[in-house]
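Okay, structure first, notes after.
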Amino acid sequence: MLGLLVALLALGLAVFALLDGWYLLRLPCAVLRARLLQPRVRDLLAEQRFAGRVLPSDLDLLLHMNNARYLREADFARVAHLTRCGVLGALRGLRAHTVLAASCARYRRALRLLEPFEVRTRLLGWDGRAFYLEARFVSLRDGFVCALLRFRQHLLGTSPERVVQQLCQRRVESPELPADLQHWISYNEASSQLLRMESGLSDVTKDQ
């Protein structure tokens with residue numbers, strides 16, 4: 001019995017040492033919590049909130065939450081958002097899936113140790129290939145938006161229009177995308193074209 005416990009402990013330590021154990025644990029927990037413990041959100045454009053707190057493991061050498069942690073926390077909030085509004089379920093029904101194709105972040109003020117915050121995620125719109133989402137990191141101490149992140153969630157095996165149509169049972173047009181988001185999309189397209197030219201690839205070879 002003792003040998004089994006030692007083996008399990010060693011296995012657990014190996015998982016956390018060699019893999020990102022907390023991430024692999026928290027991501028499915030976020031999905032299960034959104035699916036089983038939180039109400040379904042029928043409005044695709046509704047903002048959803050995901051609570052968090054800055055832990056010692058989140059800190060950098062300047063003792064505030066490091067840049068990579070914002071993207072990590074936004075991952076949990078985004079997967080919970082897509083679960084609650086039914087997008088992930090619709091993708092499973094269509095035998096399709098989604099991948100993160102692009103992201104950008106703007107940091108406005110540091111989040112400090114033990115500071116409570118919310119990740120407020122909303123769907124901004126979609127085009128023929130991807131959903132566009134926004135995540136705001138809002139300090140619960142004073143309501144200040146500490147960081148603003150944007151995401152391009154690319155779909156494989158289907159289109160955003162088909163997913164939305166399945167969820168709403170009718171055809172729905174995307175809201176007009178904000179001007180700054182359109183500039184970011186144009187930048188991504190120009191960057192992709194430049195990289196294809198540098199690699200000697202034709203325009204037929206598309207990235208995500």
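Quick notes on this one:
- At R0 = 35 Å, FRET efficiency that the Cβ-Cβ distance of Arg170 and Leu148 yields, to 0.05: 0.65
- The charge dipole of the chain, taken about the Cα centre with unit charges on the Cβ atoms of Lys, Arg (+1) and Asp, Glu (-1), comes to about 680 debye, rounded to the nearest 20.
- Segment 71-120 and segment 1-66 have Cα centres separated by 13 Å.
- Burial ranking of peptide ranges 62-70, 138-146 (average Cβ count within 10 Å, highest at the top): 62-70, 138-146
- With loop membership from DSSP and a limit of 14 other Cβ atoms within 10 Å, the longest segment of the chain without GluC sites (Glu not before Pro) is 48-172.
- Calculated FRET value between Leu194 and Leu5, using beta carbons and R₀ = 41 Å, to 0.05: 0.15
- Compactness of the chain, expressed as Rg and Dmax over alpha-carbon positions, Å: 19.4, 63
- Here, segment 1-114 is characterised by an Rg to Rh ratio of 1.04, where Rg is the alpha-carbon radius of gyration and Rh the Kirkwood radius.
- Calculated [θ] (222 nm, deg cm²/dmol) that DSSP helices of n ≥ 4 give over the chain, each run adding -39,500 (n - 2.57): -13000 deg cm²/dmol
- A simple spin-label model places the labels of Leu32 and Cys104 3.8 nm from each other, with each point 7 Å out along Cα-to-Cβ.
- Since only Val164, Gln153, Met1 are under comparison, the one whose Cα sits farthest along the positive direction of the charge dipole of the chain, derived from C-beta charges on Lys, Arg, Asp and Glu, is Met1.
- A simple spin-label model places the labels of Arg162 and Leu13 4.9 nm from each other, with each point 7 Å out along Cα-to-Cβ.
- Summing +1 for each Lys or Arg and -1 for each Asp or Glu among the other residues whose beta-carbon sits under 12 angstrom from that of Gly157 gives +4.
- Neighbourhood charge, 14 Å Cβ-Cβ cut-off, centred on Ser186 and excluding it, Lys, Arg +1 and Asp, Glu -1: -1
- Residues of segment 26-43 with amide N under 20 Å of a point placed 7 Å along Cα→Cβ from Leu94: 41-43
Just so you know, all these numbers are worked out from the coordinates, no wet-lab data involved. Being a predicted model, the structure only gives us computed values, none of them experimental. With ideal geometry, Cβ positions are generated from the backbone for all residues, glycine too; neighbour counts draw on all protein chains shown.
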